[in-house]
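Asker: Have a look at the structure that comes next, please.
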Amino acid sequence: MRKNATGVIFNHIDSIGCICQPKSFHMNNMRYELKGKTRAKILFIFLMIFTGILYAEDIPVPDAFDMPWQKSPLVGEWRKKTFSKVYPYQRKDGKVLQEMINKAISEKAKVLTIPSAIYEIGIGKGHSKDLVIENAEDLVINAENVVLLCYRKSKALTISNCRNFSLKGLIIDYAVETMPFTQAVITSKNGIAMEANICEGYRIPSPGDHESHKMEVYSAKSLFLKAGGRTRYGVAYSAKPDGTVIINKNIKHFEIGDIVTIIMKSSPHGLSISNTANCTLENVTIHTAPMFAILARKNHNTVFRKIRITPGPIPDGATMPRVLSGCQDGINMSGVMGDKVVVEDCLIESHSDDAVAIYKSACFALKSKGRSLYLVASYGRMPFEVGQTIELIDWDTQKPKGRRTIKNVEKVTTEDLNAELSQINERFDVSPWARKTFKAPFYNVTLNESLEVKAQDLLTNETYKARPIIRNNIFRNHRARGLHLKLSGAVITNNMFEHCVNKGICFGTDLYFAGSANAENILIKGNTFRHMFHLMNGTWDSKCGIISFFNGHKGKVNPPGAFKNIKIVDNIFEDVRSIPFMVTSTEGLEIVNNKIIRSHMRANSHGKEYAVDQGAALYMSNVSKAYIDNNTIIDPGPFLKKDKLIMSVDSTAEVEKAFELKYTTRNSRKDL
């Protein structure tokens, strides 16, 4: 018995008389006579039904990412309504809100419940640029149905030096005239430039010539990022008072009728939290932000629960929904301290970079003299403080060379260290962009004991090592990585990654920011990856798997030991466009019980410069003690190399039933 597309179950057919005997047929022990035109009509209908029985399994499921936004379950209902309908609250001066918070902190209140309203900040002279919560202890602020609306291109909220503090329910948004982006519909292309009209009700850039921070292209039908529409940086454009925008470049995949977002050049983050202990943000919504939606620095035991980073309601007076939320990362953390940092039950979508990035601060050593160690920091930002513990790692072997305690830190004014810096740039073939990050000022760090270093050794901050617990989140429709992590002990479970430009989970080398590239004891379990890596094609990409662990630099993969004890189990990969697993420089790897559905449908060259074969299911290089078992590949596309499911370079693995192929549709059997 089989089901057709409508769910009707058909019994077996005894004989098909309309084919063997044109004038009659048998079904269910009954004989039917057919005459004239009736016979022809019934014959035609019967053949259509029978064809449906044979091919019912092959009828494609409607693509959720291409549905009209009006009907799409992936577009939140708040995005389909105007701001005033979603937030029909009284408007109040933001000073009132600041005064309530200051009073609660000074009086050491335990609970502060803020009345529902839209609190406006940054209007006119004398108004604060942002809301500040500082030195709060043992305080819970309930801010359900409280909207913080910003009228300046500045930070919305600063939380600092708080202990045992919780913020629940706040909503952050920017007024149309100060939104950090605008959006326009492309109306024409001429091979050299494009013309677009700012969507009605959205911010019109000031007249004249501008250079955008970046531009991205979205489907006007679905509000999702378009396939192939890579982010474009520094594109010049000119704006007219009537909302016409001339984009001085003819960008491939930007087509007439598409929505292009123009992200302005600005630096403030939406919400910053720093130097806190045991703080929780819960049910906080951020609809847009000029840079990171949330910036977290030097916090102990922070919890982000039920955070929504999502485009806001339609601006009053507009008809087209917003396609963008934050203009950079969703949540960006470094200096994480204590036992753990938790991100759970969050929705982070439609932003313009990584969903969650967590770094353990690091930098490059230049040279040493006795107890003095000279270093260069990314962007000149010193990542270490007096009293902290640092570890020195030999870049070539990835083995630790020793730990020391910092006794003093000072900027270098007399030493010429440009020769050592040049060694790093030449050794790593650092790009012009990265070279801008590593430059004076240099630093002299005094240690408790001497430590011999060479230029290119990596210094990591061992004080910042809280374990990331990331569970039950949705990361959707953004231009970069789902998780970009650089520290040990991560537990990543039951998350949904869908329709993202880049990989889902990434650990590894990042020379631009000198983030520590070593990690151990990582569990990745029960996650789902859908429609991943389908928007770009990067031959240069060293982390080109949906789950990627990479340690090395251009042209070189480091030996095993940079990563240790990695477990990737019980995950689902569906309609992904890149190799599911890419692992290098690892000692102790387990890949078990994962399902890969409809992969390898298109050819691509991700990671070509690292000789990664995208026809495989797993790429391993310099991996020892690997165990691969009981993974299933279901209905793969024609670009899967069945004779080369595992591409192994200088690796050792215990392989049981590593990958089993299964086919459930006629089309998949035919293709392969």
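The values are calculated or read from the model by the stated rules, or taken from the named source; none is laboratory data. Here the structure is a predicted model, which is why all the values come from computation and not from measurement. Don't worry about glycine lacking a Cβ; one is built from the backbone with ideal geometry, like all the others, and counts go over all protein chains shown. Heads up: the accessible areas ignore ligands, DNA and RNA and are worked out on the full protein's heavy atoms, side chains in. Shrake-Rupley method; radii C 1.70, N 1.55, O 1.52, S 1.80 Å.
Asker: Look through Ile186, Ile204 and report the one residue that is outside any strand (DSSP E or B), β-branched (Val, Ile, Thr) and over 30 Å from Glu282 (Cβ atoms). So that I can check it myself, show each step before the final result.
Answerer: Numbers: Ile186 fails: outside any strand (DSSP E or B).
On inspection, the qualifying residue turns out to be Ile204.
Asker: Taking the stated definitions as given, is Asn278 within 30 Å of Glu134 (Cα to Cα), at pLDDT 90 or above and surrounded by fewer than 22 Cβ atoms within 10 Å (Cβ to Cβ)? Steps first, answer last, please.
Answerer: Details: within 30 Å of Glu134 (Cα to Cα): yes; at pLDDT 90 or above: yes; surrounded by fewer than 22 Cβ atoms within 10 Å (Cβ to Cβ): yes.
When the stated conditions are applied, Asn278 passes them.
Asker: Now a separate question. On the given criteria, is Ile159 touching a helix residue (DSSP H, G or I) at 6+ places or on another chain (Cβ under 9 Å) and either open to solvent by 20 Å² or more (accessible area, probe 1.4 Å) or not in a loop (DSSP other than H, G, I, E, B) (or both)?
Answerer: Details: touching a helix residue (DSSP H, G or I) at 6+ places or on another chain (Cβ under 9 Å): no; either open to solvent by 20 Å² or more (accessible area, probe 1.4 Å) or not in a loop (DSSP other than H, G, I, E, B) (or both): yes.
The answer is no for Ile159.
Asker: Report yes if some residue within segment 504-521 is without any contact (Cβ under 8 Å) to a residue 40 or more places away in the chain and not hydrophobic (A, V, I, L, M, F, W, C); otherwise report no.
Answerer: Within segment 504-521, the first condition is being without any contact (Cβ under 8 Å) to a residue 40 or more places away in the chain, and the residues that meet it are 510.
Retained after the next criterion (residues that are not hydrophobic (A, V, I, L, M, F, W, C)): 510.
Yes: segment 504-521 contains one or more residues that are without any contact (Cβ under 8 Å) to a residue 40 or more places away in the chain and not hydrophobic (A, V, I, L, M, F, W, C).
Asker: Tell me, yes or no, whether segment 167-181 has at least one residue that is closer than 15 Å to Thr280 by Cα, crowded, with 16+ Cβ neighbours inside 10 Å, aromatic (Phe, Trp, Tyr) and touching a residue at least 40 places away in the same chain (Cβ under 8 Å). Working first, answer last.
Answerer: Kept after step one, since they are closer than 15 Å to Thr280 by Cα, are these residues of segment 167-181: 167-170.
Going one step further and asking which of them are crowded, with 16+ Cβ neighbours inside 10 Å, we end up with 167-170.
When the remaining residues are screened for being aromatic (Phe, Trp, Tyr), the result is none.
Checking segment 167-181: not a single residue is closer than 15 Å to Thr280 by Cα, crowded, with 16+ Cβ neighbours inside 10 Å, aromatic (Phe, Trp, Tyr) and touching a residue at least 40 places away in the same chain (Cβ under 8 Å).
Asker: Would a scan of segment 401-408 turn up a residue that is open to solvent by less than 30 Å² (accessible area, probe 1.4 Å), touching a Ser or Thr at 6+ places or on another chain (Cβ under 9 Å) and modelled with pLDDT of 90 or more? Walk me through it before giving the result.
Answerer: The initial filter retains those residues of segment 401-408 that are open to solvent by less than 30 Å² (accessible area, probe 1.4 Å), namely 402, 406.
Applying the additional criterion that residues be touching a Ser or Thr at 6+ places or on another chain (Cβ under 9 Å) yields 406.
With modelled with pLDDT of 90 or more added as a condition, the list becomes 406.
Yes, that holds for at least one residue.
Asker: Okay, next question. Check off (1) within 25 Å of Pro321 (Cβ to Cβ); (2) not in a strand (DSSP E or B) for His210 and give me the number that stays unchecked.
Answerer: Unmet for His210, out of (1) within 25 Å of Pro321 (Cβ to Cβ); (2) not in a strand (DSSP E or B): (2).
Asker: Right, something else. Checking Thr178 against (1) at pLDDT 95 or above; (2) under 25 Å from Glu134 (Cβ atoms), which test does it fail?
Answerer: Result: Thr178 passes all but (1).
Asker: Can you spot a residue in segment 650-657 that is open to solvent by 60 Å² or more (accessible area, probe 1.4 Å) and either modelled with pLDDT of 90 or more or within 30 Å of the chain's Cα centre (by Cα) (or both)? Give the steps one after another, and end with the answer.
Answerer: At the first step, the residues of segment 650-657 found to be open to solvent by 60 Å² or more (accessible area, probe 1.4 Å) are 650, 652, 654-657.
Within this subset, residues satisfying the condition of being either modelled with pLDDT of 90 or more or within 30 Å of the chain's Cα centre (by Cα) (or both) are none.
No, every residue in segment 650-657 fails to be open to solvent by 60 Å² or more (accessible area, probe 1.4 Å) and either modelled with pLDDT of 90 or more or within 30 Å of the chain's Cα centre (by Cα) (or both).
Asker: Examine segment 637-645 for a residue that is farther than 22 Å from Lys657 by Cβ, in a loop (DSSP other than H, G, I, E, B) and open to solvent by 70 Å² or more (accessible area, probe 1.4 Å), and state whether such a residue exists.
Answerer: Taking every residue of segment 637-645 in turn, at least one turns out to be farther than 22 Å from Lys657 by Cβ, in a loop (DSSP other than H, G, I, E, B) and open to solvent by 70 Å² or more (accessible area, probe 1.4 Å).
Asker: Just to check your reading of the model, which residue among Ala117, Ala109, Ala143 is modelled with pLDDT of 95 or more, among the small types (Gly, Ala, Ser) and in contact with a Gly (Cβ under 7 Å, 6 or more places away or on another chain)?
Answerer: Result of the check over Ala117, Ala109, Ala143: Ala143.
Asker: While we're here: Scanning for something touching a strand residue (DSSP E or B) at 6+ places or on another chain (Cβ under 7 Å), touching a residue at least 40 places away in the same chain (Cβ under 8 Å) and outside any strand (DSSP E or B), does segment 133-150 turn up at least one residue?
Answerer: no
Asker: In addition: When segment 306-328 is examined, which residues are found to be within 20 Å of Lys226 (Cα to Cα), in contact with an Asp or Glu (Cβ under 6 Å, 6 or more places away or on another chain) and either open to solvent by 10 Å² or more (accessible area, probe 1.4 Å) or free of Cβ contacts under 8 Å to residues at least 60 places away in the same chain (or both)?
Answerer: Once the filter is applied, which keeps residues that are within 20 Å of Lys226 (Cα to Cα), in contact with an Asp or Glu (Cβ under 6 Å, 6 or more places away or on another chain) and either open to solvent by 10 Å² or more (accessible area, probe 1.4 Å) or free of Cβ contacts under 8 Å to residues at least 60 places away in the same chain (or both), segment 306-328 yields only Gln328.
Asker: Of the residues Gly387, Gly380, which single one is small (Gly, Ala, Ser) and either over 16 Å from Lys465 (Cα atoms) or open to solvent by less than 40 Å² (accessible area, probe 1.4 Å) (or both)? Working first, answer last.
Answerer: On the way: Gly387 fails: either over 16 Å from Lys465 (Cα atoms) or open to solvent by less than 40 Å² (accessible area, probe 1.4 Å) (or both).
Being small (Gly, Ala, Ser) and either over 16 Å from Lys465 (Cα atoms) or open to solvent by less than 40 Å² (accessible area, probe 1.4 Å) (or both) holds for just one of Gly387, Gly380, which is Gly380.
Asker: Just give me the residues in segment 340-351 being surrounded by 24 or more Cβ atoms within 10 Å (Cβ to Cβ) and assigned to a loop (DSSP other than H, G, I, E, B), in sequence order.
Answerer: Taking segment 340-351 as the starting set, the residues that turn out to be surrounded by 24 or more Cβ atoms within 10 Å (Cβ to Cβ) are 341, 343, 346, 348-351.
Across segment 340-351, the qualifying residues are Cys346, Ser350, His351.
Conditions tested, residue by residue: (1) open to solvent by less than 60 Å² (accessible area, probe 1.4 Å); (2) in contact with a strand residue (DSSP E or B) (Cβ under 8 Å, 6 or more places away or on another chain).
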site	(1), (2)
Lys71	no, no
Val75	yes, no
Arg79	yes, yes
Lys85	no, no
Gln90	no, yes
Met100	yes, yes
Ser106	no, no
Val111	no, yes
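Asker: If we scan segment 614-626, do we find a residue that is modelled with pLDDT of 90 or more, farther than 20 Å from Asn495 by Cβ, open to solvent by 50 Å² or more (accessible area, probe 1.4 Å) and not small (Gly, Ala, Ser)?
Answerer: Yes, because at least one residue in segment 614-626 is modelled with pLDDT of 90 or more, farther than 20 Å from Asn495 by Cβ, open to solvent by 50 Å² or more (accessible area, probe 1.4 Å) and not small (Gly, Ala, Ser).
Asker: Among residues belonging to segment 433-471 that are outside any strand (DSSP E or B) and at pLDDT below 75, point out the one that is surrounded by the fewest Cβ atoms within 10 Å (Cβ to Cβ). Spell out how you get there, then give the answer.
Answerer: Looking only at segment 433-471, we keep the residues that are outside any strand (DSSP E or B), and these are 433-437, 448-457, 462-466.
Filter once more, so that each one left must be at pLDDT below 75: 433-437.
On the way: Trp433: 9, Ala434: 18, Arg435: 14, Lys436: 11, Thr437: 18.
Looking at residues that are outside any strand (DSSP E or B) and at pLDDT below 75, I get Trp433.
Asker: When the residues of segment 114-156 are narrowed to those that are open to solvent by 40 Å² or more (accessible area, probe 1.4 Å) and closer than 16 Å to His287 by Cα, which ends up nearest to the chain's Cα centre (by Cα)?
Answerer: Here the answer is Lys155.
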